[in-house]
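The values are calculated or read from the model by the stated rules, or taken from the named source; none is laboratory data. In this text the structure is predicted, and so the values were computed from the model without any measurement. Virtual Cβ from ideal backbone geometry, glycine too; neighbours counted across all protein chains shown. Just so you know, the surface numbers come from the protein's heavy atoms only, side chains and all, with ligands and any DNA or RNA stripped out. Shrake-Rupley method; radii C 1.70, N 1.55, O 1.52, S 1.80 Å.
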Amino acid sequence: MGNTANTVTPGSAFAADATAAVAADDTAAVAAAVAADDTAAVAAASPVRSASPVRKARIVLIGTGGRSEMYIRAILGKHSDTAELVAFSDVNPGRVEFYQKLIQELGAAGPVASFDPADLTAFIRDNDIDRVVVTTPDYTHADYIVEGLEAGADVVVEKPLTIDAEGCRRITRAVAETGRNVVVTFNYRYSPRNSALKEIIQSGVIGKVTSIDFSWVLDTVHGADYFRRWHREKKNSGGLLIHKASHHFDLVNWWINDVPERVFASGGLKFYGDRNAAERGLGPRPERGTPDAGTGTAARDPFALDLREDERLKALFLDNEHFDGYRRDQDVFTAGITIEDNLALVVEYYGGPRLSYSLNAHSPWEGYRVAVNGTEGRAELEVVERAAVVHSTDKKTVVDPSATPVEEDDAVRRNGERLVVQRHWEAAYEVPIVNGEGGHGGGDELLLSDLFNGPGDDPLGRPSGYLDGLRSVSVGIAGNASLESGLPVSTADLELGADLRRGA
């Protein structure tokens, strides 16, 4: 069934009863099986108590920013028969109140409980919590994952797993010591176009993979957004190599079923930031988009984000600044940005393939191109998520076109996707891609179904666990180290606490 060992439980990651629970006597056996990436051993070490009635998984959610809404809607909606939202928590009480109102709108009988994040351990133990869903800023992931595991719950975490090697080591130790389960939600695996490429590679039609060329471009709306939020400081996000590209590295690891061995990286801040603005003669800049939007410079500035123009952003962030001082709309050309906007990597894999990867965060269009070379042919996937950024006065500009599909007028470049396969000595042919409803071509719905109902027998091995999370961030962590040293960095030298090789 592909590489699904990291999910630990042979059934649902959220499956409601104690089928995912591990008896105390079996903890060591499960931990050893997880470390060995051994599906059969995990299944054997995890008893399934099928005789007891299925009950809903009791869930708490940590972090009430933008990503939490998907889980809240899923738990109170389509997956209410398998999951129960017991409580949520955030350091900002205003955002907690925002989601309390949403819960009422979704038809809940009353508000759910809320608690201080500092009380997570006590809340888990006092309320028989099964799962913790973590949707907080990246630098906090390791703390909440470890605390949740040690308190006796399994954890579901938004990518990335964590941002540095020490965080990886802490999580690895906690998994080994507790025998609990960590799922990293790599929703890009579930996007039909990415699954279609996986099927082509897995079928062997292009032979053994020898190299991959992968280029991802973020446009001046979506790309810019990383430079106005907390992500703009590497201490918070690990930079785009961790926060954004961990998605991309996971795709490659999954596509070719291999593990990164050595990384060389080059890159820098070439477009955003105060120095680049000064070099291009942009003149004085406002500190943020909202106060000056509508008058003066910001009214004519496409890089300014006026939070008042988006009801949701205003309610979540602008209206709640007084609680924590967090500004969601910082100017992208001010000082204090410590992440890169242009990156290039060469990644060597244990099985022999080489990855050439690039990321640009100020492109006029958004999407990606992947070419996979094999001993018997080549597969090419091209995706245009937004053909052009065309501002208008009668509609809101969507920040992330992969999550919210958009249509823009461009006579040359068209939104869409195309997967082409060509074997040696043969004509090329196009592989049809069938999309579903919702974000990421319906991929989000597939991911949520796997989380709440169990993945079943997935021949593509899309469910992902903490070892997949380790493998994806290992590229970014090694890449950041390479940026500092100017030298290639081995992932083994990072000492992340686990052997990343499959079956090791």
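Of all residues in segment 84-100, how many are buried (at least 20 other Cβ atoms within 10 Å of the Cβ) and under 22 Å from the mean Cα position of the chain (by Cα)?
Residues flagged as buried (at least 20 other Cβ atoms within 10 Å of the Cβ) and under 22 Å from the mean Cα position of the chain (by Cα) within segment 84-100 amount to 6.
So, in segment 195-236, how many residues would count as being among the hydroxyl-bearing types (Ser, Thr, Tyr) and closer than 15 Å to LEU269 by Cα?
2
Mind telling me which of the residues ALA118, ALA142 ends up being open to solvent by less than 10 Å² (accessible area, probe 1.4 Å), within 24 Å of GLY325 (Cβ to Cβ), among the small types (Gly, Ala, Ser) and at pLDDT 95 or above?
ALA142
Name the residues in segment 474-504 that are open to solvent by less than 10 Å² (accessible area, probe 1.4 Å), aliphatic (A, V, I, L, M) and closer than 29 Å to SER203 by Cβ, would you?
Residue satisfying the conditions is VAL475 alone.
Go through LYS208, LYS198 for me and flag whichever is over 24 Å from GLY416 (Cβ atoms) and open to solvent by 10 Å² or more (accessible area, probe 1.4 Å).
Values: LYS198 fails: over 24 Å from GLY416 (Cβ atoms).
After applying the criteria, what remains is LYS208.
Report, by residue number, each residue of segment 261-279 that is of a type in the set (Ser, Thr, Tyr) and over 13 Å from SER482 (Cα atoms).
TYR272
So, of the residues in segment 378-405 that are modelled with pLDDT of 70 or more, of a type in the set (Gly, Ala, Ser) and touching a Phe, Trp or Tyr at 6+ places or on another chain (Cβ under 9 Å), which turns out to be nearest to LEU305 (Cα to Cα)? Steps first, answer last, please.
The first filter runs over segment 378-405 and keeps only residues modelled with pLDDT of 70 or more, leaving 378-390, 398-400.
Going one step further and asking which of them are of a type in the set (Gly, Ala, Ser), we end up with 379, 387-388.
Going one step further and asking which of them are touching a Phe, Trp or Tyr at 6+ places or on another chain (Cβ under 9 Å), we end up with 387-388.
Values: ALA387: 21, ALA388: 18 Å.
The qualifying residue nearest to LEU305 (Cα to Cα) is ALA388.
Here is a yes/no grid of residues against (1) within 21 Å of ILE242 (Cβ to Cβ); (2) of a type outside the set (Val, Ile, Thr):
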residue	(1), (2)
LYS101	no, yes
VAL112	no, no
ALA153	no, yes
VAL175	yes, no
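So PRO302 clears everything in (1) open to solvent by less than 40 Å² (accessible area, probe 1.4 Å); (2) over 22 Å from VAL473 (Cα atoms); (3) in contact with a His (Cβ under 9 Å, 6 or more places away or on another chain); (4) not in a strand (DSSP E or B) except one condition, right? Which one?
Looking at each condition in turn, PRO302 falls short on (1).
Going through segment 217-268 one residue at a time, which ones are of a type in the set (S, T, N, Q) and open to solvent by less than 10 Å² (accessible area, probe 1.4 Å)?
Within segment 217-268, SER237, SER246, ASN253 qualify.
Out of segment 308-338, which residues are open to solvent by 60 Å² or more (accessible area, probe 1.4 Å) and in contact with a strand residue (DSSP E or B) (Cβ under 8 Å, 6 or more places away or on another chain)?
Answer for segment 308-338, where residues must be open to solvent by 60 Å² or more (accessible area, probe 1.4 Å) and in contact with a strand residue (DSSP E or B) (Cβ under 8 Å, 6 or more places away or on another chain): just ARG327.
On the given criteria, is VAL389 of a type in the set (Val, Ile, Thr) and part of a strand (DSSP E or B)?
The answer is no for VAL389.
Among the residues of segment 171-196, what is the count of those that are in contact (Cβ under 8 Å) with a residue 40 or more places away in the chain, over 15 Å from PHE249 (Cβ atoms) and not β-branched (Val, Ile, Thr)?
Looking only at that region, the number is 12.
Restricting to segment 337-368, give me the number of residues that are closer than 26 Å to ARG262 by Cβ and more than 19 Å from the chain's Cα centre (by Cα).
15
Considering only segment 167-194, state which residues are within 20 Å of the chain's Cα centre (by Cα) and either among the acidic types (Asp, Glu) or not in a helix (DSSP H, G or I) (or both).
Once the filter is applied, which keeps residues that are within 20 Å of the chain's Cα centre (by Cα) and either among the acidic types (Asp, Glu) or not in a helix (DSSP H, G or I) (or both), segment 167-194 yields ASN181, VAL182, VAL183, VAL184, THR185, PHE186, SER191.
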